[in-house]
1. Please report, ordered by residue number, the strands (runs of 3 or more DSSP E) entirely within the range 1-83 with at least 2 residues that are surrounded by fewer than 14 Cβ atoms within 10 Å (Cβ to Cβ), at pLDDT 95 or above and among the hydroxyl-bearing types (S, T, Y).
2. Which ones in the range 175-186 are crowded, with 16+ Cβ neighbours inside 10 Å and hydrophobic (A, V, I, L, M, F, W, C)?
3. Taking the condition of being touching a helix residue (DSSP H, G or I) at 6+ places or on another chain (Cβ under 7 Å), hydrophobic (A, V, I, L, M, F, W, C) and closer than 17 Å to G169 by Cα, how many residues in the range 206-243 meet it?
4. Considering only residues of the range 126-149 that are surrounded by fewer than 14 Cβ atoms within 10 Å (Cβ to Cβ), in contact (Cβ under 8 Å) with a residue 40 or more places away in the chain and over 20 Å from the mean Cα position of the chain (by Cα), which is nearest to D245 (Cα to Cα)?
5. Test of understanding: among V156, V139, which residue is in contact with a strand residue (DSSP E or B) (Cβ under 9 Å, 6 or more places away or on another chain) and among the β-branched types (V, I, T)?
6. Just give me the residues in the range 108-128 being closer than 27 Å to V22 by Cβ and away from the ligand (no atom under 16 Å from the Cβ), in sequence order.
7. In a loop (DSSP other than H, G, I, E, B), in the same structural domain as A174 (by TED's automatic domain parsing) and at pLDDT 95 or above: is that true of L226 in this structure?
8. Can you confirm whether the range 163-174 contains a residue that is crowded, with 20+ Cβ neighbours inside 10 Å and out of contact with any Asp or Glu (no Cβ under 6 Å at 6 or more places or on another chain)?
Amino acid sequence: MRRVRIIGIGPGHPDQVTAEAVRAMNEVDYFLVPDKSADHAGTDGLLRAREEICRRHLPGEYRIVTVRDPERDRDDPADYRRAVEDWHEARAAAYEQAMLADPGDVGFLVWGDPSLYDSTVRIVERVLARGNLTFSYDVIPGVSSLQLLAARHRLVLNDIGTSLTVTTGRRLPAEAAAGNDNILVMLDGALRCRALPDPSAWHIWWGANLGSPDEALAAGRLDQALDGILRARAEAKAASGWVMDTYLLRRVSSARP
Ligand SMILES: C[S@@+](CC[C@H](N)C(=O)[O-])C[C@H]1O[C@@H](n2cnc3c(N)ncnc32)[C@H](O)[C@@H]1O
């Protein structure tokens with residue numbers, strides 16, 4: 001039966017691709033890659049990182065089929081969930097077209113780990129649900145940017161016997177207000193931790209472009225670390241042409257690494 005492989009490739013460095021992922025990459029006939037060139041500046045640098053991973057781990061020729069990414073309503077739509085679901089369906093239709101046109105086993109190269117803030121699994125399930133294609137699919141885990149953040153700062157992400165909240169910049173104010181005191185934040189281009197009511201009550205461990213040559217790290221009490229983080233963020237962006245960052249926030253009373 002035709003196979004689809006959803007392959008986590010880690011957060012950007014070829015050394016952080018697992019042996020299982022390398023095997024799966026070498027077993028597929030082609031990779032389906034969304035073309036985000038119309039999306040936002042900085043995609044080129046990410047594409048280059050992905051190409052470098054392919055160069056390192058695929059000894060022969062490899063084939064990439066690009067699929068135009070459907071337009072997405074990014075203007076903070078009133079019904080966010082609905083807007084995302086519409087976009088998933090449009091992407092599923094685009095993948096279906098590409099897979100109907102090009103038989104063979106397909107690989108999706110997913111940044112970091114496919115289980116965290118990535119929709120490839122959901123979209124592949126939608127392709128199946130549309131009923132026009134038959135295939136089996138599996139998921140190969142990858143090193144997440146969160147794991148690399150923890151390793152670089154030599155952190156244990158949970159405090160002893162307590163919980164860990166993983167969330168987005170958009171949700172951070174609500175999670176902090178709800179009393180969560182150990183919070184991992186992703187997808188926060190606006191660095192929303194700046195707007196927390198009492199920045200001196202938090203410790204931050206921050207990392208940008210982890211795994212890239214322009215990786216940047218910072219840690220400290222939030223109110224004291226913020227200026228340095230903003231500077232380091234701008235420098236990483238200037239050096240790489242893109243910036244992605246993630247951070248752990250922990251209330252100072254319990255701020256042990
Ligand atoms: C769409 S999510 C994908 C996460 C990915 N699946 C993972 O496991 O890391 C993108 C977010 O992941 C984080 N991220 C991904 N790669 C990163 C990197 N190399 N350095 C720092 N943060 C990264 C950032 O918070 C970014 O906004």
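The values are calculated or read from the model by the stated rules, or taken from the named source; none is laboratory data. All values reported here derive from a predicted model rather than from experimental measurement. Please note: Cβ atoms are built from the backbone with ideal geometry, for glycine as well, and neighbour counts cover all protein chains shown.
1. Result: empty, no element qualifies.
2. The answer is A176, I183, L184, V185, M186.
3. 5
4. The selected residue is S136.
5. V139
6. E125, V127, L128
7. no
8. Scanning the range 163-174 turns up at least one residue that is crowded, with 20+ Cβ neighbours inside 10 Å and out of contact with any Asp or Glu (no Cβ under 6 Å at 6 or more places or on another chain).
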